[in-house]
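First comes the structure, then the notes that go with it.
What follows draws every value from the coordinates through simple rules; no lab data is involved. Just so it is clear, the model here is predicted, and its values are computed rather than measured. Note: ideal-geometry Cβ built from the backbone for every residue, glycine included; neighbour counts use all protein chains shown.
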Amino acid sequence: MRSNRDISILLVDDDADLRSLMSEFFSEHGYQVTVAPDGARGLELARQPQFDLVILDVMMPALDGFAVLEQLRKTSKVPVIMLTARTETASRIHGLESGADDYLPKPFDPQELLARVRAILRRTQSEPAAGPVEVSGVRLDAASRTVFQHGKSVSLTSVEFDILEVLVRAAGRVVSRDELMQRLYQREATPFDRSIDVHVSHLRKKLEDSDNLIRTVRGVGYQFCKEMSEESAVAAE
């Protein structure tokens, strides 16, 4: 994983005091920080390839965080953490459905935001630990972070890719929500945290025959199902 000084973070928030405080806070921890005061400028900057992660406020005038994210996801897979003053579950799910990797309600502890940033960067910046794997017509390559199903490219966000990788490499075994939360976010799942469920729902929409590929084990987690003729994956573990 690259050092903090090589990591570039974009903070998009219309609160000048918060921008100043968070910019200083992350700079003190060695990160390069760029700030944007509104959604339009944030979207313009976020589309540039130099950023490793975007912290995006929801409640902004004119172009809010949801609109920014929906536009950004048309061209970019950069990881996004959303900041929201709204506590409603529907608002958080909206962010996840728009393509956010994670969300954090305001007001928040800067150390908690830092922990979430580190968890996402650790996941997205780490060198692949294993080679390509193919199960039930789905081929996943961690080095290039690409997915093909029956030879057809499948476009996934960074968090969708990582969830799929965990499930595919554990094909045939039930992976609990707690395990997924620990692998992706380095924190425990809570009864009200729907992030994993929403991302899995997106995976199902993007994969053909997804109801048979990713099975929900109620109260436990998810299982990526092997075809009967595929007892072993083509993988370099």
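Summary of values
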quantity: Low-density loop positions, trypsin sites (Lys or Arg not before Pro), the range 57-155 - DSSP coil, at most 13 other Cβ in 10 Å; calculated: K74
quantity: Helix axis angle, 16-28 relative to the chain longest principal axis, alpha carbon, degrees; calculated: 60
quantity: Per residue convex hull volume, Cα atoms of the range 69-125, in Å³; calculated: 75
quantity: Cα Rg, Dmax, the range 101-142, angstrom units; calculated: 15.5, 45
quantity: Percent antiparallel among DSSP beta bridges (both partners in the chain, rounded to 5); calculated: 50
quantity: Cβ crowding within 10 Å averaged over residues, with 182-189, 98-105, 195-202 ranked highest first; calculated: 98-105, 195-202, 182-189
quantity: Neighbour-limited loop hits for GluC sites (Glu not before Pro), the range 1-91 (at most 12 other Cβ within 10 Å; DSSP other than H, G, I, E, B); calculated: E88
quantity: Cβ-based exposure ranking for T89, T216, in which fewest neighbours within 10 Å come first; calculated: T89, T216
quantity: Helix axis angle, 110-125 relative to the chain longest principal axis, alpha carbon, degrees; calculated: 40
quantity: Inter-part distance where the range 28-58 and the range 105-150 are each reduced to a Cα centre, Å; calculated: 20
quantity: Over the range 4-125, volume per residue of the alpha carbon convex hull, in Å³; calculated: 92
quantity: Residue-averaged 222 nm ellipticity for the chain, from DSSP H runs of 4+ at -39500 (n - 2.57), nearest 500; calculated: -11500 deg cm²/dmol
quantity: Built amide H within the under 5 Å cut-off of V33, gap 5+; calculated: I9
quantity: Stretchable slack from R215 to E97, in nm (0.36 nm times residue separation minus alpha-carbon distance); calculated: 40.5 nm
quantity: Between 0 and 90°, nearest 10: helix 158-169 axis offset from the chain longest Cα axis; calculated: 20
quantity: Taking the C-alpha atoms of the range 133-224, convex hull volume expressed per residue in Å³; calculated: 88
